Amino acid sequence: WAEEIPTSMNINFTRENYNGKVFESAVIKKAALFPTESGDLSLTPFELLIPVVYQKKSRSNNPFDAFFDDPFFGRTETVEFTARSNTVRIKVLPLPETTIESFNGAVGSYSMNAVLEKRKVRQHEPLSLKVDITGSGNLKLITNPTIKLPSGFEEYEPKITEEINRGGLISGRKRIEYLFIPRNQGKFEIPPVEFTYFDLKKKNYVTCKKNALVLRAT
């Protein structure tokens with residue numbers, strides 16, 4: 001997964017020594033990359049079509065024509081040149097094996113919060129459970145936490161909203177809004193909501209857990 005990082009509309013050049021030669025260098029593209037599999041991976045070379053303007057010289061033997069080869073007269077020609085980057089190779093290490101059921105591939109640093117819209121509703125009245133996952137990492141690849149509802153509840157497809165901050169570090173919030181309807185009356189308990197991620201700094205799995213939620217339908 002590639003997440004493009006915005007760069008300045010104005011290209012700012014700096015001098016850079018490359019292989020013993022001095023060039024004018026500028027950043028034209030940035031992207032945050034998140035590998036979705038382990039092993040030896042290669043990035044597709046970056047290509048850019050560049051119009052190159054060069055001074056056109058006369059092939060005539062006439063000295064008078066050669067006079068117009070002077071740059072002052074602006075006899076130029078533009079050709080299109082395809083610049084192609086090198087191939088970047090990356091070795092991606094596999095995640096440690098785990099049997100934690102609430103882990104679904106999240107990697108980074110996160111926190112989680114779960115809020116029930118109401119604690120008391122009428123029978124057949126819809127309500128929502130909002131789960132917010134906030135932090136930095138592969139936010140768009142996060143799988144929704146599993147909500148285990150008691151029997152007698154009708155559940156619908158969750159609504160997903162994302163707020164992604166594309167700075168030097170990809171961060172933001174992913175909100176999963178679960179909509180369901182109690183078809184029976186009584187007091188119900190929604191089991192704890194769990195979300196597990198692999199913490200790159202701790203090099204270990206971390207589980208965020210929200211206590212069980214109690215709901216009464218009348």
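The values are calculated or read from the model by the stated rules, or taken from the named source; none is laboratory data. Remember, it's a predicted structure, so these values are computed and weren't measured experimentally. Here Cβ is always computed from backbone atoms with ideal geometry, including for glycine, and neighbour counts include all displayed protein chains. To get the accessible areas, we keep the full protein, side chains included, count just its heavy atoms, and leave off ligands, DNA and RNA. Shrake-Rupley method; radii C 1.70, N 1.55, O 1.52, S 1.80 Å.
Quick one: Ala83 ticks every box in (1) closer than 14 Å to Cys208 by Cα; (2) open to solvent by less than 60 Å² (accessible area, probe 1.4 Å); (3) part of a strand (DSSP E or B) except a single one, so which number is it?
All conditions are met except number (1).
If I go through the range 29-59 residue by residue, how many of them are loosely packed, with under 12 Cβ neighbours inside 10 Å and touching a residue at least 60 places away in the same chain (Cβ under 8 Å)?
Qualifying residue count for the region: 1.
Would you pick out the residues in the range 1-28 that are open to solvent by 100 Å² or more (accessible area, probe 1.4 Å) and within 30 Å of Val107 (Cα to Cα)?
Glu4
Check whether at least one residue in the range 86-99 is at pLDDT 90 or above, within 24 Å of the chain's Cα centre (by Cα) and more than 30 Å from Ala2 (Cβ to Cβ), and report yes or no.
no
Out of the strands (runs of 3 or more DSSP E) lying entirely within the range 137-218, which hold 1 or more residues that are open to solvent by less than 50 Å² (accessible area, probe 1.4 Å) and over 24 Å from Ala32 (Cα atoms)?
Output list reads 153-155, 170-182, 186-190, 193-199, 204-210, 213-217.
Which residue, of Arg183, Arg166, Arg173, is more than 30 Å from Lys29 (Cα to Cα), touching a strand residue (DSSP E or B) at 6+ places or on another chain (Cβ under 7 Å) and basic (Lys, Arg)?
The match here is Arg183.
Being of a type outside the set (Ser, Thr, Tyr) and open to solvent by less than 10 Å² (accessible area, probe 1.4 Å) is the filter; apply it to the range 109-136 and report the residue that is farthest from Phe198 (Cα to Cα).
So, considering only residues that are of a type outside the set (Ser, Thr, Tyr) and open to solvent by less than 10 Å² (accessible area, probe 1.4 Å), the one farthest from Phe198 (Cα to Cα) is Val121.
What number of residues in the range 102-117 are outside any strand (DSSP E or B) and free of Cβ contacts under 8 Å to residues at least 60 places away in the same chain?
Here the count works out to 1.
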